[in-house]
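The values are calculated or read from the model by the stated rules, or taken from the named source; none is laboratory data. Predicted, not measured: the structure shown is a model, and the values here were computed from it. Backbone-built Cβ (ideal geometry, glycine too); neighbour counts: all protein chains shown. Note: accessible area is taken over every heavy atom of the protein model, side chains too, but ligands, DNA and RNA are not part of it. Shrake-Rupley method; radii C 1.70, N 1.55, O 1.52, S 1.80 Å.
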Amino acid sequence: MKRTKTGLLVLLFICVFLIAGTGISRAEMARYDIDPDHSTIEFSVVHMVISKTTGRFTDYKGFVEMDTDGLKIKAMEAVINTASVNTIHEKRDGHLKGEDFFNVEKFPTMTYKMKYSRKEGDHYIAIGDLTLLGVTREVTLTGKFNGLVKDPYGNTRAGFTAEGKLNRKDFGMNWNKLLDSGGLVVGDDISIKLEIECIKANAAGK
């Protein structure tokens, strides 16, 4: 009986030690807010069959909530002001902001909210809802976590790279014109490329 009690005490001690040890390296979910000054949200679309037109959005906010040690993503959200679309062509940007495309007066923002993610090798697959022109569709992003670094001001920064595709017609963005050669002025498939730098939020979430 004495040996049994001693064995139980030893086992209990081991369990407490393991739990305490696990607590030291426990996964920590933290919020990282997008730094728009050091990030890019870009897109490209086929133009007149023979080339691609590229553009970006310059006004947006969002965050990623993840455990950077265990490399697990819990949440990812973004709100993009559609009027900030910029293709470095004033006339084209005006057309994109109009009813044929983003219709910014009626739909001033589009949003992305991750529903779930999984890790495949060095990459993440994030499946989320993109709401554009009042229509919500699933969009898949394939990305990579580029690591953490301390900036000169003591902030912890995280970097992410991601890509995805969507069909603009799925959101009701149907405008097009037929070329004399039979092709279309604008392609349907939109390629997305993200280079995101985030700053770890403080305890108050600010």
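Residues of segment 164-182 that are touching a Leu at 6+ places or on another chain (Cβ under 6 Å) and either part of a strand (DSSP E or B) or open to solvent by 60 Å² or more (accessible area, probe 1.4 Å) (or both): 164 alone. Remark: pairs (first residue in segment 70-82, over 29 Å from residue 101 (Cβ atoms); second residue open to solvent by 50 Å² or more (accessible area, probe 1.4 Å) and small (Gly, Ala, Ser); Cβ separation under 9 Å; 6+ apart in sequence or on different chains) = 70/27; 72/27. May I ask you to verify whether residue 194 is under 23 Å from residue 81 (Cα atoms) and within 20 Å of the chain's Cα centre (by Cα)? Answer is yes for this residue. Applying a threshold of 8 Å to beta carbon distances and a minimum spacing of six or more residues, or different chains, the list of pairs starting in segment 46-57 at a residue that is on the phi < 0 side of the Ramachandran plot and ending at one that is part of a strand (DSSP E or B) and acidic (Asp, Glu) reads 46/189; 54/42; 55/42; 56/42.
Being at pLDDT 85 or above, farther than 22 Å from residue 139 by Cα and among the hydroxyl-bearing types (Ser, Thr, Tyr) is the requirement here; does residue 109 meet it? In short, no.
Taken together, the criteria exclude residue 34 from residues that are of a type outside the set (Ser, Thr, Tyr), touching a residue at least 12 places away in the same chain (Cβ under 8 Å) and in contact with a Ser or Thr (Cβ under 9 Å, 6 or more places away or on another chain).
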